[in-house]
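Single-structure report; data block below.
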């Protein structure tokens, strides 16, 4: 009990001095000074674009499901898989909008958190990748159906473009100051 292994006293004493990073949280904030007008512009642009992306993704998700279930191939089991994949694509769009809207917290009080902004940009890349994958699965399922619809494929393309808009806006607005 009274015996210590070499170096254990140093580890326990220095453990409390180290910053603790929770798994999945990312690096601690690194606040960089920015002009207050730029900070307000960042916050306003992210809020407006995020709200528009959320609204458009919800409308497109509903349109994709309604259009998918009313296709001539609606009785085909492969069509159900395609409609579910299209719904997931719209869900990734909603997550992109939410990420944009909540990224406002990366800019406040004359400072921009560059680590948080980097994390949001990466996250939006993942959401966009999920949108592309879901649209490809849905498009493939629609192409395999006996009677495919060009309107449905255009709606899938619009969902992918919407995810791309969210990604590009985040890259432009949240670039390092």
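Do you know which of the residues in region 93-113 that are crowded, with 19+ Cβ neighbours inside 10 Å and farther than 16 Å from residue 49 by Cα is farthest from the chain's Cα centre (by Cα)?
Among those that are crowded, with 19+ Cβ neighbours inside 10 Å and farther than 16 Å from residue 49 by Cα, it is 112.
Considering each residue of region 134-156, count those that are farther than 17 Å from residue 71 by Cα and touching a residue at least 12 places away in the same chain (Cβ under 8 Å), and give that number.
Qualifying residue count for the region: 1.
Can you name the residue in region 155-177 that is touching a helix residue (DSSP H, G or I) at 6+ places or on another chain (Cβ under 6 Å) and outside any helix (DSSP H, G or I) and, of all such residues, is surrounded by the fewest Cβ atoms within 10 Å (Cβ to Cβ)?
Filtering first and then ranking leaves 176.
Listed residues 58, 66, 32, 39; which is at pLDDT 80 or above, touching a strand residue (DSSP E or B) at 6+ places or on another chain (Cβ under 8 Å) and part of a helix (DSSP H, G or I)?
Among 58, 66, 32, 39, only 39 is at pLDDT 80 or above, touching a strand residue (DSSP E or B) at 6+ places or on another chain (Cβ under 8 Å) and part of a helix (DSSP H, G or I).
List the number of the failed condition for residue 43; all other conditions in (1) buried (at least 17 other Cβ atoms within 10 Å of the Cβ); (2) within 14 Å of the chain's Cα centre (by Cα); (3) under 15 Å from residue 174 (Cβ atoms) hold.
All conditions are met except number (2).
Consider residue 135 against the criteria (1) at pLDDT below 95; (2) buried (at least 20 other Cβ atoms within 10 Å of the Cβ): it satisfies all of them except one. Which criterion is unmet?
(1)
Here are the criteria: (1) under 18 Å from residue 28 (Cβ atoms); (2) crowded, with 17+ Cβ neighbours inside 10 Å; (3) under 11 Å from the mean Cα position of the chain (by Cα). Tell me which single one residue 122 does not satisfy.
(2)
The values are calculated or read from the model by the stated rules, or taken from the named source; none is laboratory data. Just so we're clear, the structure is a prediction, and the values are computed from it rather than from any experiment. When we count neighbours, we look across all protein chains shown, and the Cβ atoms used for this are built from the backbone with ideal geometry, even at glycine.
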